[in-house]
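Just so you know, all these numbers are worked out from the coordinates, no wet-lab data involved. Since the structure is predicted, the reported quantities are computational estimates derived from the model, not experimental observations. FYI the Cβ positions are ideal-geometry reconstructions off the backbone, even for glycines, and counts take in every protein chain you see.
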Amino acid sequence: MSPAAAGFAAGLNAALGSLLEAIAVQRTVSAGMRWDFVENFDLKLQFDHTRLGAQSDGTLVNIQPGFHPGGTVNLFSANVDFVF
């Protein structure tokens with residue numbers, strides 16, 4: 001490679017490496033259920049357990065002070081849907 005092309009390739013490789021480091025690493029297991037308790041109304045419950053990769057924030061946003069990358073996150077959600 002010519003020196004100019006080698007310099008360009010090194011810069012491109014560094015940029016690609018930084019993009020790949022930013023990819024979120026996490027594994028999520030979810031369980032949910034739905035209950036139609038009256039006509040046109042339902043209740044939905046869901047539990048998500050997420051294990052973050054080592055040194056990864058996963059897909060979490062708004063990271064707060066004191067947060068340590070890695071570890072686990074549990075989320076429970078409930079909602080009522082209706083049709084009118």
Considering the chain as a Gaussian network with a 10 Å cut-off on Cα pairs, which listed residue, Q46, Q64, Q26, attains the greatest mean-square fluctuation?
Q64
Mind telling me which of S18, S56, S30 comes out most flexible in a GNM of the chain, alpha-carbon contacts under 10 Å?
S18
Out of G66, G17, G58, any idea which swings most in a Gaussian network model of the chain, alpha carbons joined below 10 Å?
G66
Taking 8 Å as the Cα distance limit and 6 or more residues as the minimum spacing, I'd like the relative contact order of the chain as a percentage.
28
Might you report the magnitude of the Cβ-based charge dipole of the chain about its Cα centre, with Lys and Arg at +1 and Asp and Glu at -1, to the nearest 20 debye?
320
What label, among (1) 1.04; (2) 1.30; (3) 0.99, belongs to Rg/Rh (Cα atoms, Kirkwood Rh) computed from the structure on display?
(2)
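Nearest 500 deg cm²/dmol is fine: what mean residue ellipticity at 222 nm does the chain get from its DSSP H runs of n ≥ 4 alone, each adding -39,500 (n - 2.57), divided by its residue count? It would help to have the intermediate numbers written out before the result.
Values: 1 runs with 19 residues, N = 84.
Per the formula, -7500 deg cm²/dmol.
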Treat each spin label as a single point 7 Å out from the Cα along the C-beta direction, and report the Q55 to D36 distance in nm.
5.1
